[in-house]
Amino acid sequence: MGDLGVGDDSRVVLYDASGSAWAARVWWMLRWVGFDRAALLDGGLAAWTAEDRPLSTELPNRPGKTLTPSPRPELIADRDEVVAAIENDEVVLVDVLPEEHYSGEMAFYARPGHIPTAINISVQSLTDESGRYRSFEELVGLHGGDRTVRHITYCGGGIAASSSAFLMTRLGFEDVAVYTASLQEWATDPENPMEVGTR
């Protein structure tokens, strides 16, 4: 990031062309290393071009800067923490995949279904037809529960889960982590339990 011209005092705006999930992943990674001056462009490239805003093909040439790391390991969850969370009522697992995948009707990964005790808030429900995030009130309505307890989001590989974690953080959830390996790791090991059906 320093080589790209991002320093401790920089302001970073992230966007992508795929529903903001990849931009949110970079936002989460920057937050993980202790950088909080990043934002997402709501609606990403699609909304930008739909409003006929300018585009460029020129590569920027910014001078290098120093970004001082201050890691926050608690923002990343691993398999062992997720295993422990299944038996811990003080931790909420959030599956952000489509409901059909959560219920086991379809399978993107090695086994169908979801991690036991996980609730389902599909990342697809977070945006409207334009690709922008829904209103604050709508998002609050989707995310109930205790905002002070630990929440761990997961998906297939930690990308969509980062978008949900971004929004939950914006909504005031105080302790959010992303299981970055997600079902790409979990579903391949038969020792890791999975359930089908809805809660």
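Quick look at the values:
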item	result
Most mobile listed residue (M29, M106, M168) in the chain, GNM with C-alpha springs under 10 Å	M106
Kirkwood hydrodynamic radius (C-alpha pairs) into Stokes-Einstein, region 11-94, 25 °C and 0.890 mPa s, D in µm²/s	156 µm²/s
Net charge of neighbours whose Cβ lies under 14 Å from the Cβ of Q124, counting Lys and Arg as +1 and Asp and Glu as -1	-4
For region 130-189, alpha-carbon Rg relative to the globular expectation (2.2 N^0.38 Å, N residues)	1.20
Relative counts (whole %) of C-alpha pair distances in the chain, using bins that are 10 Å wide	9, 33, 34, 18, 6, 0
Over region 73-186: Kirkwood hydrodynamic radius from C-alpha pairwise inverse distances, Å	14.1 Å
Stretch gain in nm, segment D3-A50, where the contour uses 0.36 nm per residue and the Cα spacing is subtracted	13.8 nm
Among T153, T57, T188: highest mean-square fluctuation, GNM of the chain, C-alpha pairs under 10 Å	T57
5 angstrom amide H check on S20, placed H, neighbours 5+ away	none
Beta bridges per DSSP with both ends in region 73-186, % antiparallel, nearest 5	5 percent
Rounded, prolate or oblate (a/c below 1.5 giving rounded, otherwise prolate when a/b exceeds b/c) for region 29-139 by Cα gyration tensor	oblate
Paramagnetic reach from A107 in region 179-198 [backbone N under 17 Å; point 7 Å along Cα→Cβ]	183-198
Zone residues, region 7-28, relative to T68, backbone N less than 19 Å from point 7 Å out along Cα-to-Cβ	7-12
For region 161-187 versus region 1-28, the gap between their alpha-carbon centres in whole angstrom	17 Å
Residues S10 and E137, FRET efficiency given R0 of 35 Å [Cβ-Cβ distance, rounded to 0.05]	0.65
Longest exposed-site-free window of the chain, the sites being GluC sites (Glu not before Pro) in a DSSP loop that have at most 13 other C-beta atoms within 10 Å	1-50
S18/T188 FRET efficiency (R0 25 Å; Cβ-Cβ; nearest 0.05)	0.50
Additional length obtainable on full extension of the chain from L171 to L41, 0.36 nm per residue less Cα span	45.1 nm
FRET efficiency, Q124 to E81 (Cβ-Cβ, R0 25 Å, nearest 0.05)	0.45
Within a Gaussian network of the chain (alpha carbon springs, distance under 10 Å), most fluctuating of G19, G145, G113	G145
For the chain, calculated [θ]222 nm from helices alone, where every DSSP H run of n ≥ 4 adds -39500 (n - 2.57)	-7500 deg cm²/dmol
Filtered trypsin sites (Lys or Arg not before Pro), region 1-107: DSSP coil and at most 13 other beta carbons within 10 Å	R11, R37
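Since every read-out is calculated from the coordinates, none of them should be taken as a lab result. Every value quoted in this text rests on a predicted model; they were computed, and no experiment measured them. For neighbour counting, all protein chains shown are included, and Cβ atoms are generated from backbone atoms with ideal geometry for every residue, glycine included.
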